[in-house]
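Inspection log for the structure reproduced underneath, given as structure tokens.
The values are calculated or read from the model by the stated rules, or taken from the named source; none is laboratory data. Keep in mind the model is a prediction, meaning the values are calculated, not measured. When we count neighbours, we look across all protein chains shown, and the Cβ atoms used for this are built from the backbone with ideal geometry, even at glycine. Surface accessibility is based on the protein's heavy atoms, side chains included, excluding ligands, DNA and RNA. Shrake-Rupley method; radii C 1.70, N 1.55, O 1.52, S 1.80 Å.
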Amino acid sequence: MELNKIYNEDCLMLMRKIPDNFIDLTITSPPYNLGLKHHTGNNVFNAYDEYKDNIPEAEYQEKQINVLNEIFRITKENGSILYNHKNRIKHGKQITPYEWIFKTKWNIKQEIIWFNGSQNFDKCRFYPMTERIYWLSKGINTNFVNNINQHDILKDTAEGTEKEHKRAFPIKLAQRFIMCFPDSKIIFDPYMGSGTTAIASLKENKKYLGSEISVNYHKLSLKRIENFSNQLNLF
């Protein structure tokens, strides 16, 4: 399997080609199944192109279970995943990611609150401005070290990328996670988006591997990595 590469294909198709016990650490944020359009502040955004983020909830959860279990298979013993998701409201009811995480093979090590200031100001509820990052492990012992002296509430604003990827998690957030797993050599992201995990991996001198089903996002991720590499070459 070629490393330092983002494959333009569905993540399950890619993972079927990856051998068992290959990945050290996964950092990822899947599509949230918010619908074809969703609100951020006063704006309405189309979510994706090739992938329609509006499938029946039961089907969505089943796919997330399959994805997480396949990541489990390709992860080394005592490896980890940082899985970014959020509590969603559908038909007036909150859906929590625990509904499908509990059905996977992973051990839940910790739930981290990410206060990212999401602009959701519907007055029918307290304004939801947080997401969750679930630290899941394969085995109980991990190589985690809190090298950054971080508590379990993160305050980072989501980043937009050239007006194309509206709500990517920040590179520095992914980078700090990698710093806490110093022995990890290969970092995986099945939903690479605009390439955040890849760039964070390169900043920490790690190898990366990932997939992105969107042609547009795949091109954007390659462009960002190229720009990052060009900046390194200047010095």
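Of everything in the stretch 112-122 that's within 22 Å of Asn149 (Cα to Cα) and open to solvent by less than 70 Å² (accessible area, probe 1.4 Å), which residue is modelled with the lowest pLDDT?
Restricting attention to the stretch 112-122, the residues satisfying the condition of being within 22 Å of Asn149 (Cα to Cα) are 112-116.
Cutting the leftovers down to open to solvent by less than 70 Å² (accessible area, probe 1.4 Å) gives us 112-114, 116.
Working: Ile112: 98, Ile113: 97, Trp114: 95, Asn116: 86.
Taking the candidates together, the pick is Asn116.
If you go through the stretch 81-111 and keep only what is open to solvent by less than 30 Å² (accessible area, probe 1.4 Å) and touching a Ser or Thr at 6+ places or on another chain (Cβ under 9 Å), you end up with Ile81, Leu82, Tyr83, Asn84, His85, Arg88, Trp106. In the stretch 119-138, the residues that are farther than 17 Å from His85 by Cβ form Cβ pairs under 7 Å with partners that are assigned to a loop (DSSP other than H, G, I, E, B) and of a type outside the set (Phe, Trp, Tyr), at six or more places apart or across chains, as follows: Gln119/Gly41; Tyr127/Asn120. The strands (runs of 3 or more DSSP E) found wholly in the stretch 66-111 and carrying at least 3 residues that are at pLDDT 95 or above occupy 75-85.
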